[in-house]
1. Report every pair of residues separated by at least 6 positions or lying on different chains whose Cβ atoms are under 8 Å apart, first residue within the range 46-74 and of a type in the set (Phe, Trp, Tyr), second surrounded by 13 or more Cβ atoms within 10 Å (Cβ to Cβ) and at pLDDT below 80.
2. Since Thr72 meets every condition but one in (1) of a type in the set (S, T, N, Q); (2) surrounded by 10 or more Cβ atoms within 10 Å (Cβ to Cβ); (3) modelled with pLDDT under 85, which condition does it not meet?
3. Which ones in the range 1-38 are exposed (fewer than 12 other Cβ atoms within 10 Å of the Cβ) and modelled with pLDDT of 75 or more?
Amino acid sequence: MLIPQAPTHAMVAGMPAETGLYANLYGLTVYCMFGTSDTLSVAPVAVVSLMTAAPLAKLELRGVIQYTSAITQQ
């Protein structure tokens, strides 16, 4: 189920499709190591993609490096 969802949500957020897969793998791996619930679903959701895309669209960024640095800066 995550294979079609992750790239689609990444594209909604304005990122290349493969970043959705990488982010998904990273999140699942970290949760497997440190998570405490056996029944919690850890997956991307469209709301997070839309909330990320809205402010990034106003910045007129070009390329994956600029998007990634904008997301990681606080």
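1. Short answer, once both residue conditions are applied: Tyr67/Leu56; Tyr67/Leu61.
2. (2)
3. Going residue by residue through the range 1-38, those that are exposed (fewer than 12 other Cβ atoms within 10 Å of the Cβ) are 1, 3-4, 26, 29-30, 32-38.
Those that are exposed (fewer than 12 other Cβ atoms within 10 Å of the Cβ) and modelled with pLDDT of 75 or more: Ile3, Pro4, Tyr26, Thr29, Val30, Cys32, Met33, Phe34, Gly35, Thr36, Ser37, Asp38.
The values are calculated or read from the model by the stated rules, or taken from the named source; none is laboratory data. Everything quoted here is computed from the prediction, not taken from an experiment. Virtual Cβ from ideal backbone geometry, glycine too; neighbours counted across all protein chains shown.
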